[in-house]
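Participant: Sending over a structure as structure tokens; questions will come in a sec.
The values are calculated or read from the model by the stated rules, or taken from the named source; none is laboratory data. This structure is a prediction, so every number in the text was calculated from the model and none was measured. Neighbour counts are summed over all protein chains in view; Cβ atoms, including those assigned to glycine, are modelled from backbone coordinates with ideal geometry. Heads up: the accessible areas ignore ligands, DNA and RNA and are worked out on the full protein's heavy atoms, side chains in. Shrake-Rupley method; radii C 1.70, N 1.55, O 1.52, S 1.80 Å.
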Amino acid sequence: MIPLPEGSVPATADAVIVGGGINGLAIAYELARRGMKRLVVLERDYLGSGSTGRCGGGIRQQWTTEENIRLAQESVAAFEHLAGELGLQTFFRQGGYLMVTEDESQLESMRQAVALQNSCQVPSRFLEPRECLDIVPQLDVSRLKGATFCQKDGTAYPFSVVWGYAKAAARRGVRIFIRTRLLEVKHDGGRITGVVTARGEISTPLLINCAGPWSRSLAAMVGVQLPNRQERHEIMVSESCKPFLDPMVISISNGIYFSQSMRGEIVGGIGDPDEPHWDRPAQFDTRSQLRFAVRFARALTDYWPPARKLRLMRQWAGMYDVTPDHRPILGGVPGLEGYQMACGYSGHGFMLAPMAASRLAKRITTGEPDGIIDSLSLARFARGDIVADAFVVG
């Protein structure tokens, strides 16, 4: 554990980062590592209480847009040595990702995706259905039409990663305030001047929006309109069983995903096209539903029949912060000096955060251009420069 400050927030800061999930803490750490002082992180609840602590922990490079591929590729490289860098075990293991489809019409797009991934030096490959049995022997491949696999993909434990970043940031002088609500953002003449919190006011020239599902509401405080919407997604965990599953299995046909934890539980979820979409935090509903439990259990046993003997132990819900093209929004906005953001990850912020944070921190501290951040700026929507990623599941 790390000692978190109590009492009033400091009167001044060089930067205030809003959001105590992996994105906010990783950016705080990267800024501090690059020499920025007097950094403050504000979290409305506990660290990892938002989307980070409710995710499945998957980390994959199998995407259909180059920006997502390169961010994920760099993040995988970061995860490979992150435990040593942060000084805390992250439980990162590279069992691979097996992405399957039951829809023959998706095969060509899967082959094209593999070609793009390979051009970025991601070692993914296309598989025929029977080849999947070499990776998951008891998988039911009778309905499968094809699959892709990348051995270097994997999983990590979200809370360990969050606490690792928090500890490393705190060692570099970052002050992290939990259970601290942001009440107001002050801006004058097109520039950020400070924030008002439930623990006091902070004068700062730089505000970084890493608020996940609350990012749209935070942006609205400074007159920035985000196209994000929030979607509810659920995850379920089974009782423990003997190790049998190294990779994460994903279906791009129906959206199910499942993996096995190091303790033996099956962890997974499945998207629901009938879930409502929200644009205000007051509407968020993270209660568990029987409907999800039934849908997930049926889909899981269809893909892996031995699951019929397992008991499902618990489930929870969280929010995806979704953009129209399922790619994150990074960087600032014209006409508002001192405002930056890292949001809109569409359910994949955990896997993309390490290198998104590194690139954004470098951009902030050096002013050097970054092609990926520029291509993922909010301005792309006004330009009509929207290229949606096709492999979004969950």
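Participant: Report the residues of region 35-60 in range of a label on T193: point 7 Å along Cα→C-beta, backbone N strictly under 14 Å from it.
Facilitator: none
Participant: OK, next. Given a 10 angstrom Cα cut-off, can you work out which residue in A307, A28, A156 is the most mobile in a GNM of the chain?
Facilitator: Fluctuation is largest for A307.
Participant: Round to a whole number: what % of the accessible area of region 1-76 belongs to carbon and sulfur, probe 1.4 Å? Could the numbers behind the result be given before it?
Facilitator: Details: 1120 of 2420 Å².
It is 46 percent, rounded to a whole number.
Participant: Multiply the residue gap between R263 and F381 by 0.36 nm, knock off their C-alpha separation, and tell me the result in nm, one decimal place.
Facilitator: Numbers: separation 118, 0.36 × 118 = 42.48 nm, distance 4.30 nm.
Taking R263 through F381 to full extension adds about 38.2 nm, to one decimal.
Participant: Taking all protein chains as present, what is the carbon and sulfur share of the accessible area of region 97-148, in % to the nearest whole number, probe 1.4 Å? Before the final figure, lay out each step's value.
Facilitator: Numbers: 1170 of 2580 Å².
Here it works out to 45 percent.
Participant: Compute the distance from the alpha-carbon center of region 337-379 to that of region 293-320, in whole Å.
Facilitator: Value for the Cα centre distance between the two parts: 35 Å.
Participant: Helix-derived [θ] at 222 nm for the chain: sum -39500 (n - 2.57) over DSSP H runs of at least 4, divide by residue count, nearest 500?
Facilitator: -8500 deg cm²/dmol
Participant: Just F91, F258, F79 to compare: in a GNM of the chain, with alpha carbon springs under 10 Å, which one fluctuates most?
Facilitator: F91
Participant: Now a separate question. With springs only between Cα atoms under 10 Å apart, run a GNM on the chain and tell me which of M36, M341, M313 wobbles the most.
Facilitator: Top of the fluctuation ranking is M313.
Participant: Scaled to the compact-protein estimate 2.2 N^0.38 Å, what is the alpha-carbon radius of gyration of region 268-394, rounded to two decimal places?
Facilitator: On the way: Rg = 18.6 Å, N = 127, 2.2 N^0.38 = 13.9 Å.
Rounded to two decimals, the normalised Rg is 1.34.
Participant: Write down Rg/Rh for region 154-233, rounded to two decimals, with Rg from the C-alpha atoms and Rh from the Kirkwood relation over Cα pairs. Could the numbers behind the result be given before it?
Facilitator: On the way: Rg = 15.2 Å, Rh = 14.9 Å.
Expressed as Rg/Rh, it is 1.02.
Participant: Working out 0.36 nm times the residue gap between Q112 and S203, then minus their Cα-Cα distance, what length gain in nm do you get to one decimal?
Facilitator: Numbers: separation 91, 0.36 × 91 = 32.76 nm, distance 4.97 nm.
Length gained, Q112 through S203: 27.8 nm.
Participant: Just need the relative contact order of the chain here, percent rounded to a whole number, with Cα pairs under 8 Å and 6+ apart. Intermediate results must be reported in sequence, preceding the final value.
Facilitator: Working: 909 pairs, mean separation 93.4, N = 394.
Relative contact order, the chain: 24 percent.
Participant: Label Q121 and A77 with points 7 Å out from Cα along Cα→Cβ: what is the distance between them in nm?
Facilitator: Each label point is offset 7 Å from its Cα along the Cβ direction, giving 0.6 nm.
Participant: Mind checking the full-extension length gain between R179 and D285? Use 0.36 nm per residue of separation minus the Cα-Cα distance, one decimal, nm.
Facilitator: Numbers: separation 106, 0.36 × 106 = 38.16 nm, distance 2.00 nm.
So the extension gain works out to 36.2 nm.
Participant: For region 262-350, what % of the accessible area comes from carbon and sulfur atoms, probe 1.4 Å? It would help to have the intermediate numbers written out before the result.
Facilitator: Details: 2160 of 4250 Å².
Carbon with sulfur: 51 percent of the solvent-accessible area.
Participant: Hey, what's the chain come to in accessible area per residue, 1.4 Å probe, Å²? Walk me through the intermediate numbers first.
Facilitator: Numbers: 16150 Å² over 394 residues.
Ligands and nucleic acids excluded, the figure is 41 Å² per residue.
Participant: Once the Cα gyration tensor of region 177-336 is found, what semi-axes does its equivalent ellipsoid get, as square roots of 5 times the eigenvalues, in whole Å, sorted largest first? The partial results should precede the final answer.
Facilitator: Numbers: eigenvalues 316, 55, 41 Å².
Semi-axes, largest first: 40, 17, 14 Å.
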